[in-house]
1. Hey, does segment 248-256 have a residue that's closer than 22 Å to HIS108 by Cα, touching an Asp or Glu at 6+ places or on another chain (Cβ under 6 Å), part of a loop (DSSP other than H, G, I, E, B) and modelled with pLDDT of 95 or more?
2. Taking segment 211-247 on its own, how many of its residues are surrounded by fewer than 20 Cβ atoms within 10 Å (Cβ to Cβ), modelled with pLDDT of 95 or more and hydrophobic (A, V, I, L, M, F, W, C)?
3. Go through segment 127-165 and give me each residue that's basic (Lys, Arg) and in contact with a Lys or Arg (Cβ under 9 Å, 6 or more places away or on another chain).
4. So LEU165 fits all but one of (1) surrounded by fewer than 14 Cβ atoms within 10 Å (Cβ to Cβ); (2) modelled with pLDDT under 95; what number is the exception?
5. Restricting the search to segment 31-85, which residues are of a type in the set (A, V, I, L, M) and free of Cβ contacts under 8 Å to residues at least 12 places away in the same chain?
6. In segment 29-44, what residues are in a loop (DSSP other than H, G, I, E, B) and closer than 28 Å to HIS163 by Cα?
7. Can you tell me which residue in segment 48-81 is surrounded by the fewest Cβ atoms within 10 Å (Cβ to Cβ), limited to those that are at pLDDT below 90 and polar (S, T, N, Q)?
Amino acid sequence: MSRTPALFLSHGAPPLADDATWVGQLKELAKTLPRPKAILMASAHWESAPLMLGATETVPLVYDFGGFARKYYEVTYPAPGAPELATRIEKLMPDAEPVARTHRGLDHGAYVPLTVMFPEADIPVLQMSLPTLDPDRLLELGKRLAPLRDEGVLIVGSGFTTHGLPFLRDWRPEAVAPGWSVEFDAWAAETLARGAVDELAEFRTRAPGMPYAHPTIEHFAPMFLTLGASEDPERAPDQPIDGFWMGLAKRSFSTQ
């Protein structure tokens, strides 16, 4: 079995599914992937320590957003649960770091991209919490999870390359990206291309466009879980999705 890639996805709000360009990009990315045996999602929208595992069985989605049209609250994604994957993750964690299970369903950072990439909802999905936002600790966590890739598990860190919502002035999908978003995205693209993980980990002080690009850092943090799960974090990942949506950088990447 070939090793399953690990992904970082800029996941988008529920209206992502209405954006033909972005939907097309996600579908093309999905076509390049071997069919996963299971999917492990880590979303910016679930921070909890100790590490928690949710959706070990099929449960209702978490509509963790407000102010959208009714249709976005009627979306379903009844993917099978992944209790075996949960057990495998528990065994990969050190004894000193407990793991808990919960009946929490998939949040929009998990299910929105999956509805586009794997619309049949026939692949088991497990969501894990982010137990920390510290880049070094997430790199280490990703490294512990990396063996799952040899077992056909698709590991996905789901966030957003820029997420300065308080500083947006134009909320249309086609809005011109603010300078801070463009500058941060260009820096991230170039730093990823050099495999400079240490520089990425210091984004709060090294990246242009801060703190506007990430006034809070939970949407950039999942990137480090993905990089930690890569075969070589310093190997430049493929960056098949770029561009902007509502002024935010939707850059996404795939690691080997």
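The values are calculated or read from the model by the stated rules, or taken from the named source; none is laboratory data. This is a predicted model, so every value here is computed, not measured. Positions of Cβ are generated from backbone atoms using ideal geometry, with glycine treated the same way; all protein chains shown enter the neighbour counts.
1. yes
2. 1
3. ARG149
4. For LEU165, the failing item is (1).
5. Kept after step one, since they are of a type in the set (A, V, I, L, M), are these residues of segment 31-85: 33, 38-42, 44, 49, 51-53, 55, 59, 61-62, 69, 75, 79, 82, 85.
Hit for segment 31-85 is ALA69, nothing else.
6. Hits for segment 29-44 are THR32, LEU33.
7. THR58
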